[in-house]
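Peer 1: There's a structure below that I have some questions on.
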Amino acid sequence: MTFSRGILTRAQWQESEAAVTPEAVFRERRALIKALGMGAVGASLPGQVHAGILDLFGDSKPKEFSTQALEYAKASGFVTDEALTPENKVIRHNNFYEFGTGKQDPAANSQGMRVDPWQLTIEGLVDKPLTLGFDDLLRRYPLEERIYRLRCVEAWSMVVPWVGFPLAALLKEAGVKSGATHVAFETLFDPEQMPGQKNRLMGGGIHYPYVEGLTLAEAMNELTLMSVGLYGKTLPPQNGAPIRLVVPWKYGFKSIKSIVKIRVLAKQPPTSWNRLVPHEYGFYANVNPQVDHPRWSQASERRIGPGGLFSAERIPTRMFNGYGDYVAELYRGLDLRTHF
Ligand SMILES: Nc1nc2c(c(=O)[nH]1)N[C@H]1C(S)=C(S)[C@@H](COP(=O)(O)O)O[C@H]1N2
Ligand SMILES: [Mo]
């Protein structure tokens with residue numbers, strides 16, 4: 001997604017995958033390093049020397065973030081008969097502008113992200129403000145798998161097996177006070193770790209930290225998930241480690257990553273994409289095939305499968321991304337054309 005003021009002349013996601021495919025090159029390079037026995041050599045050298053050797057191959061950040069297996073209840077209620085998007089696509093085709101605007105930038109630039117220790121605070125109109133570490137979160141809320149469609153406003157989609165717990169569980173523990181109407185979310189602000197926060201062009205023009213919001217009813221809806229993992233393991237940084245929101249009936253930009261703060265409020269909070277381009281990205285951002293983006297149709301989407309984006313099948317987009325049974329009632333009486 002780009003904004004229309006012309007810094008980016010062309011949507012990054014329209015670039016041909018072949019033109020930007022570091023993935024195969026990356027794998028080849030790693031195989032070469034391994035064959036030369038340099039993995040072991042590299043590992044025993046101090047950081048700078050290590051980086052220097054890897055720079056011979058044009059890559060100073062080959063280290064992969066390590067994810068951990070999670071214990072969770074297998075998907076039962078929230079499933080689909082659609083094919084899952086393969087894990088290697090889910091973790092290699094991302095939007096996370098803090099790490100760059102290209103689809104492969106987040107995976108390439110985030111592997112060194114530090115997510116331990118992590119602190120998530122819940123504050124505002126609550127009876128009991130909470131500050132929780134990642135282990136607290138895992139201990140407190142039973143984890144479950146949920147297979148959801150993820151529909152990006154850029155008209156591509158995936159099917160992802162998330163692991164997480166309902167946001168409602170967290171809000172219930174904090175105790176929402178009467179008078180509360182909205183919930184605001186904030187991503188980590190750490191320009192040292194997130195190069196897109198340092199450089200306005202690299203960060204797509206967004207004013208950081210990235211912020212998002214939901215109505216209280218949306219936040220309490222049973223679909224709304226705090227995700228800590230995918231494909232059975234903790235989240236890699238590019239997908240929003242260690243904890244991110246997943247709101248499957250809304251465009252993907254609502255599903256804010258790497259959250260450090262949740263605030264319960266009595267008014268609608270500002271949201272990053274709405275602040276940047278208000279006539280293109282609304283607060284609600286419900287998936288809606290009848291309301292086009294000003295610059296493209298939202299009637300269909302490319303479903304990312306084993307072949308990636310450019311061999312993806314084009315399928316019709318469904319109202320509320322197919323989750324109308326759960327959420328349509330939230331918008332009864334609301335004009336979804338004006339409240340887009
Ligand atoms: N903090 C933050 N959260 C973010 C974004 C971002 O740039 N920064 N991109 C959003 C967009 S546009 C999408 S489509 C989804 C993509 O999630 P995924 O990379 O896990 O598929 O993350 C959303 N959450
Ligand atoms: Mo998106």
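Peer 1: Which residue out of F99, F65, F134 is touching an Asp or Glu at 6+ places or on another chain (Cβ under 8 Å), open to solvent by less than 60 Å² (accessible area, probe 1.4 Å), within 16 Å of ligand 1 (Cβ to nearest atom) and not basic (K, R)?
Peer 2: Result: F99 is the single residue among F99, F65, F134 that is touching an Asp or Glu at 6+ places or on another chain (Cβ under 8 Å), open to solvent by less than 60 Å² (accessible area, probe 1.4 Å), within 16 Å of ligand 1 (Cβ to nearest atom) and not basic (K, R).
Peer 1: Hey, among V126, V115, V159, V176, which residue is within 23 Å of W249 (Cβ to Cβ), away from ligand 2 (no atom under 16 Å from the Cβ) and either in contact with a helix residue (DSSP H, G or I) (Cβ under 7 Å, 6 or more places away or on another chain) or of a type in the set (A, V, I, L, M, F, W, C) (or both)? Write out each step before concluding.
Peer 2: Numbers: V126 fails: within 23 Å of W249 (Cβ to Cβ); V115 fails: within 23 Å of W249 (Cβ to Cβ); V159 fails: away from ligand 2 (no atom under 16 Å from the Cβ).
When all the criteria are applied, what remains is V176.
Peer 1: Something else now. When you check P191 against the structure, is it closer than 30 Å to T338 by Cβ, within 16 Å of ligand 1 (Cβ to nearest atom), assigned to a loop (DSSP other than H, G, I, E, B) and without any contact (Cβ under 8 Å) to a residue 60 or more places away in the chain, yes or no?
Peer 2: Answer is no for this residue.
Peer 1: A further question follows. K103 is checked against (1) within 17 Å of F253 (Cβ to Cβ); (2) more than 16 Å from ligand 2 (Cβ to nearest atom); (3) within 15 Å of the chain's Cα centre (by Cα) and fails just one. What number does that condition carry?
Peer 2: (2) is the only condition that K103 fails.
Peer 1: Please verify whether segment 303-325 includes one or more residues that are surrounded by 21 or more Cβ atoms within 10 Å (Cβ to Cβ), within 12 Å of ligand 1 (Cβ to nearest atom), among the aliphatic types (A, V, I, L, M) and within 17 Å of V160 (Cα to Cα).
Peer 2: Yes, the conditions are met somewhere in segment 303-325.
Peer 1: Across segment 153-181, which residue is nearest to V291 (Cα to Cα) among those that are part of a strand (DSSP E or B) and more than 16 Å from ligand 1 (Cβ to nearest atom)?
Peer 2: Here the residue is P166.
Peer 1: Can I ask one more? Spot the failing condition for K254; the list is (1) open to solvent by 10 Å² or more (accessible area, probe 1.4 Å); (2) within 14 Å of the chain's Cα centre (by Cα), and only one is missed.
Peer 2: (1) is the only condition that K254 fails.
Peer 1: While we're looking at this one, here's another question. If you take the residues in segment 266-290 that are among the hydrophobic types (A, V, I, L, M, F, W, C) and open to solvent by 10 Å² or more (accessible area, probe 1.4 Å), which one is farthest from ligand 1 (Cβ to nearest atom)? Can you show your working first?
Peer 2: First, the residues of segment 266-290 that are among the hydrophobic types (A, V, I, L, M, F, W, C): 266, 273, 276-277, 283, 285, 287.
Filter once more, so that each one left must be open to solvent by 10 Å² or more (accessible area, probe 1.4 Å): 266, 276, 283.
Numbers: A266: 24, L276: 11, F283: 15 Å.
Top of the filtered list is A266.
Peer 1: Only residues that are modelled with pLDDT of 95 or more, in a strand (DSSP E or B) and either among the hydrophobic types (A, V, I, L, M, F, W, C) or closer than 14 Å to L150 by Cα (or both): list them for segment 284-311, please.
Peer 2: Listed by number, the residues that qualify are N286, W296, S300, E301, R302, R303, I304, G305.
Peer 1: I've got another one for you. Counting only residues that are in a helix (DSSP H, G or I) and touching a helix residue (DSSP H, G or I) at 6+ places or on another chain (Cβ under 9 Å), how many does segment 220-253 have?
Peer 2: Qualifying residue count, segment 220-253: 5.
The values are calculated or read from the model by the stated rules, or taken from the named source; none is laboratory data. None of these values were measured; they are calculated from a predicted model. All Cβ positions, glycine included, derive from the backbone under ideal geometry; neighbour counts span all protein chains shown. Just so you know, the surface numbers come from the protein's heavy atoms only, side chains and all, with ligands and any DNA or RNA stripped out. Shrake-Rupley method; radii C 1.70, N 1.55, O 1.52, S 1.80 Å.
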